[in-house]
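The values are calculated or read from the model by the stated rules, or taken from the named source; none is laboratory data. As the structure is a computational prediction, the values presented were derived from the model and not from experiment. A quick note on method: Cβ atoms are made from the backbone with ideal geometry, for glycine too, and the neighbour counts reach across all protein chains shown.
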Amino acid sequence: MIPLVTLLLDTDFYKFTMGQVVFHRYPNIPVRYAFKNRTRSIHLADFIKERELRSQLDYARTLRFERSELDYLRGIDNYGARMFEEDYLEFLKNFRLPPYDLAIANGEYILEFPGAWQDAIYWEVPALKIVNALYSQARMRALSRFEQECVFATGKIRLKEKQTVLRARPDVKFSDFGTRRCFSGAWQDYALVSMAQEVPRNLLGTSNVKLAKKHNLMPMGTSAHEMPMILSGMFDDVSENPMRLAQRTALEDWWDEYGQGLSIYLPDTWGTPFGLSLMTAKEANEWKGFRQDSGDPIQIGEIGIKFYESCGVDPTQKLIVFSDGLDINQMCRVVDHFKGRIRCTFGWGTNLTNDLGFEPISIVIKPIEANGHPVVKLSDNIAKATGDPVEIERAKVFSGYAGGFCEQPKY
């Protein structure tokens with residue numbers, strides 16, 4: 001077996017930013033994360049052998065943070081202050097990934113990660129990266145050597161095409177968000193270095209902390225849906241509307257931990273209109289902006305502009321980070337639409353790091369339970385909703401979810 005994940009730093013930056021908040025405030029909340037394959041036409045157990053998957057997951061559990069990795073995290077700056085505090089780094093020094101549960105049903109893997117929140121939170125990225133890489137290897141094994149060479153040639157040609165567009169569009173700024181669903185770790189490294197060399201004016205950084213350290217790039221990322229989702233499970237027994245309390249608590253905890261440095265809000269856990277309605281005018285003025293991760297980007301951007309205007313905030317001074325299933329044409333279209341109205345940047349994922357001719361699979365790992373209660377995500381695209389159907393309907397009531405947009409996720 002050749003390990004696919006060899007360093008715990010080979011993960012997205014937001015696992016550490018969220019991890020520190022969890023460590024300081026909610027370390028021992030019992031949670032359960034679950035893997036979900038959203039590509040219905042592909043049954044992963046037909047491609048990935050269970051023993052291969054177990055071997056890779058088991059190897060990941062042997063990993064420990066190296067001193068150089070912790071030193072790197074120690075040196076990351078947050079507006080003149082250290083991003084990560086020493087008590088959190090001391091926790092990471094002795095950290096190991098907790099046990100997992102794995103089974104097969106109807107050709108699909110049932111892969112879950114139970115444990116204390118401070119531990120289970122770190123499984124998402126390495127597990128998704130392992131599954132994607134094993135799937136890529138299986139697809140490649142079915143090809144001749146010449147056909148395999150053509151796959152990489154296709155990937156290089158498509159990278160070149162993207163770079164040609166970007167050279168003419170210095171206004172399209174992006175970060176690599178492609179770790180979780182990359183074709184392979186080596187290909188993500190290659191694609192990132194290629195972009196850094198060929199279009200340095202466009203590339204802002206990468207979410208992959210290992211690659212940020214290796215290539216002296218900015219590590220990028222803030223928070224994800226799991227923060228309010230798990231908090232809603234914690235508050236299910238104590239609040240008439242646990243979603244509302246969870247979203248407010250997530251906002252306040254984040255600002256208390258990081259201030260303006262990481263103040264990019266993610267409002268779409270139960271729909272962007274609901275999420276923005278819980279932000280005060282003072283917060284709208286103080287926070288840098290928000291991230292769009294579902295729904296129609298133009299529509300959500302317009303909602304954001306109207307929200308800022310209603311708070312007496314100049315939208316041209318705010319930022320939207322678009323990060324949902326992007327390709328180069330869509331990025332250019334969004335920049336052109338919002339030019340002079342609000343600032344735009346992009347978290348470019350699967351289409352950047354897994355565009356070699358194979359149709360990528362759409363896989364995610366999300367929390368499904370917290371503190372003994374089921375938790376759900378709706379998003380601005382109901383096709384991306386996760387969780388028990390009964391609980392999804394309950395969440396719609398709590399959040400006043402209007403829905404309307406439904407499109408099968410591409411990535």
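Can you tell which of I264, I303, I298 is aliphatic (A, V, I, L, M), modelled with pLDDT of 95 or more and within 18 Å of the chain's Cα centre (by Cα)?
Unique residue meeting the criteria: I264.
Is it the case, given these coordinates, that Q197 is in the same structural domain as D314 (by TED's automatic domain parsing) and touching a residue at least 60 places away in the same chain (Cβ under 8 Å)?
Against the criterion (in the same structural domain as D314 (by TED's automatic domain parsing) and touching a residue at least 60 places away in the same chain (Cβ under 8 Å)), Q197 does not qualify.
Checking I298 against (1) part of a strand (DSSP E or B); (2) touching a His at 6+ places or on another chain (Cβ under 8 Å), which test does it fail?
Here I298 clears every test but (1).
Criterion first (at pLDDT 95 or above and buried (at least 22 other Cβ atoms within 10 Å of the Cβ)) does V390 satisfy it?
So V390 fails the test.
Within region 59-72, does at least one residue satisfy the condition of being surrounded by fewer than 17 Cβ atoms within 10 Å (Cβ to Cβ) and either within 21 Å of the chain's Cα centre (by Cα) or at positive phi (or both)?
Within region 59-72, none of the residues are surrounded by fewer than 17 Cβ atoms within 10 Å (Cβ to Cβ) and either within 21 Å of the chain's Cα centre (by Cα) or at positive phi (or both).
Does L204 count as assigned to a strand (DSSP E or B) and either touching a strand residue (DSSP E or B) at 6+ places or on another chain (Cβ under 6 Å) or modelled with pLDDT under 95 (or both)?
yes
Step by step: first the residues of region 327-340, then only those that are in contact with a helix residue (DSSP H, G or I) (Cβ under 6 Å, 6 or more places away or on another chain) and either free of Cβ contacts under 8 Å to residues at least 60 places away in the same chain or of a type in the set (D, E, K, R) (or both), then the one that is farthest from E161 (Cα to Cα). Which residue is that?
Per the criteria, the residue is F338.
On the given criteria, is K366 in a strand (DSSP E or B) and not hydrophobic (A, V, I, L, M, F, W, C)?
yes
In contact (Cβ under 8 Å) with a residue 60 or more places away in the chain and farther than 23 Å from E407 by Cα: is that true of Y265 in this structure?
Answer is no for this residue.
Among the residues of region 307-334, what is the count of those that are more than 30 Å from E149 (Cα to Cα), touching a Ser or Thr at 6+ places or on another chain (Cβ under 9 Å) and aliphatic (A, V, I, L, M)?
3
Go through region 64-104 residue by residue and tally those that are among the hydroxyl-bearing types (S, T, Y), part of a loop (DSSP other than H, G, I, E, B) and either outside the structural domain of R40 (by TED's automatic domain parsing) or under 30 Å from P30 (Cβ atoms) (or both).
1
State whether one or more residues within region 105-120 are assigned to a strand (DSSP E or B) and more than 17 Å from K366 (Cα to Cα).
yes
Filtering region 217-237 down to residues that are in a helix (DSSP H, G or I) and not aliphatic (A, V, I, L, M), which residue is surrounded by the most Cβ atoms within 10 Å (Cβ to Cβ)?
S232
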